[in-house]
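The block underneath contains the structure these notes are about, expressed in structure tokens.
The values are calculated or read from the model by the stated rules, or taken from the named source; none is laboratory data. This structure is a prediction, so every number in the text was calculated from the model and none was measured. Here the Cβ positions follow ideal geometry from the backbone for every residue, glycine too, while neighbour counts run over all protein chains shown. Ligands, DNA and RNA are stripped out before the accessible areas are found, and what is left, the full protein with its side chains, is counted by its heavy atoms. Shrake-Rupley method; radii C 1.70, N 1.55, O 1.52, S 1.80 Å.
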Amino acid sequence: MTDFGSPPPAPTEFGDYVAVVRRRAFLVVGVTLLVSAAGLLIADRQAPPAVEYRATTEIAPPFSGVQLPPLEPEVEFARSDRVETAALGVAGPVDDSISLDRDVEIRAVPERPILSFAVTADDPETARLISASLSEAYLQERVASLEEQRRVRLDSSTVEIQRVTDELREQTDLLSSSEDDSPAATSAAALVSVLQNQLTRLRGDTSVLLLEPLDRGVVTTSTTVEELGGSGIPAMALIGVSVALGLLVALVAAFVVDRLDPSVRSTGDVQRLLGNVIGEIPFTLDVLEPGNVPESLQRTATAARFAAAGGGRSALVLAGVVPESAASRAIDNIAVAHVETGRHTMLLSLDDGDTPLPERSGLVQVRLPLPRSAHRDGIDHAMEKELASLGDGTAFVHCRPVLSSPDACDLAATLGVLVVVARVGRTRRDDLEAAALLAERAGVQRCWTVVERAPTIRQRLRRTVRRSTGKRNTGQSDSSEQDSIAA
């Protein structure tokens with residue numbers, strides 16, 4: 001009887017790490033691309049450019065009167081939101097990478113009545129445009145501000161002149177109506193004199209304000225652009241670092257996901273769990289056509305025939321672990337591969353969900369409906385009638401999955417051989433061990449495992465397209481790929 005115990009796990013080798021990367025190829029490629037793209041995007045926005053340009057414009061600020069005011073208030077005015085808004089109106093939309101707080105420097109030139117507008121950017125034309133727009137906006141807004149201030153002062157002076165004029169008229173009327181030597185007349189005369197002097201002063205100030213010159217400022221040095229030494233990281237270095245970081249994160253993610261994956265991950269994994277692998281077959285999208293069967297499938301079918309002969313019968317039971325169409329397809333392909341070896345083959349189907357294969361030479365298909373309440377004696381009698389006509393061929397009994405029905409283990413206990421199909425990346429390790437334990441408890445003399453490899457990248461893509469379009473193709477187009485996999 002086969003030893004169903006699990007042998008101790010073999011030490012991890014370099015090939016196991018390579019196998020993990022191959023199994024998780026989609027994950028590795030996807031995470032690498034995502035992390036690399038994110039790294040490049042962040043680096044492009046946060047890292048300083050490799051080459052920078054500085055555009056500088058110098059202007060003499062506008063002023064009112066004959067004396068130039070201090071430049072510190074002018075610097076604050078040039079940095080105000082009013083000037084920034086006006087500059088954006090002149091320049092139009094500005095690159096989001098340009099920060100007016102970080103990349104724009106406005107200062108007073110030492111020992112000169114000059115303001116300097118310096119803009120740093122990674123594009124010379126952008127730097128030139130912003131510097132020229134800021135200086136132009138400052139001149140426009142500062143002149144407008146000075147005119148507003150003059151207008152406010154004139155309005156205030158006009159109001160004050162009107163008030164003094166009205167008060168002077170009242171006092172003059174009071175003086176004319178009072179007696180010459182009365183106290184009221186004396187007080188009114190003194191107040192009239194004061195108001196007349198005040199009115200004279202206000203009118204003089206207004207005249208001076210109207211004649212006060214307004215210097216509108218001028219650009220003393222046109223916008224010049226100079227190239228600065230770059231402080232950023234070269235583009236190729238950024239790409240290399242981003243890709244390296246993305247690959248590192250992808251590898252870590254692949255090993256973590258693989259470690260947490262409860263399914264069997266390779267043929268060696270099944271071998272370590274049960275130690276009774278009879279063959280390894282490639283994944284197929286459909287049942288294969290005659291003449292397109294890989295050698296690995298033919299070798300597995302031959303090994304299954306010898307296993308049946310070792311059990312003293314010309315028949316063996318094949319079943320999946322859990323219900324899934326791929327396991328049924330693998331069993332059908334093993335039967336088709338046995339036909340390719342030149343041997344007479346009978347496929348007895350006891351799985352009510354199995355689809356009959358197209359008729360082909362050398363293959364006899366028999367469907368034996370099996371009620372769930374049937375007894376083993378009835379099953380044996382029905383099968384013996386079919387096996388009597390088999391001759392020197394081999395019968396492959398396709399049963400329902402081991403964990404969903406006891407039929408496979410009960411029949412295998414009678415026939416002597418049970419072959420379980422385990423799928424890499426799909427069959428759970430605990431389900432496979434449970435299936436082996438059920439076979440042992442049912443008294444199966446020989447329990448073997450056929451491992452179906454994980455689909456290739458091309459097959460995964462085709463399967464995804466097929467699921468999205470709802471189409472089903474024949475297996476003939478996959479034959480060349482299966483041959484290369486088997487090789």
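Only one residue of Leu174, Ser135, Ile161 has its Cα farthest out toward the positive end of the dipole of the range 132-178, where Lys and Arg carry +1 and Asp and Glu -1 on Cβ, and that residue is Ser135. Efficiency by 1/(1 + (r/R0)^6): what FRET value for Ile239 and Glu433, r their Cβ-Cβ distance, R0 = 56 Å, to the nearest 0.05? Plugging the Cβ-Cβ distance into 1/(1 + (r/R0)^6) gives 0.75. With all protein chains in place and a 1.4 Å probe, the accessible surface of the range 200-292 carries 64 percent carbon and sulfur. By the compact-protein rule of thumb, 2.2 N^0.38 Å, the alpha-carbon radius of gyration of the range 147-269 corresponds to a ratio of 3.14. Sorting Glu74, Glu226 on solvent-accessible area from highest to lowest, probe radius 1.4 Å, gives Glu226, Glu74.
Can you give the FRET efficiency for Glu226 and Arg102, using 1/(1 + (r/R0)^6), R0 = 22 Å, r = Cβ-Cβ distance, to the nearest 0.05? Here the calculated transfer efficiency is 0.75. Rounded to the nearest 20, the size of the Cβ-charge dipole of the range 202-292 about its Cα centre is 240 debye, with Lys and Arg at +1 and Asp and Glu at -1.
Suppose R0 equals 35 Å; then what is the FRET efficiency for Glu125 and Ser145 from their Cβ-Cβ distance, rounded to the nearest 0.05? For R0 = 35 Å, the calculated efficiency reads 0.70. Accessible area per residue (1.4 Å probe, heavy atoms of protein chains only) ranks Phe396, Phe14 as Phe14, Phe396, with the largest value leading. If the segment from Val29 to Leu248 were pulled out straight at 0.36 nm per residue, it would be longer than the present Cα-Cα gap by 77.7 nm. Modelled label positions at Val218 and Ser177, each set 7 Å beyond Cα in the direction of Cβ, lie 6.1 nm from each other. Computed extension gain for Ala185 through Gln162, at 0.36 nm per residue and net of the alpha carbon distance, reaches 5.9 nm.
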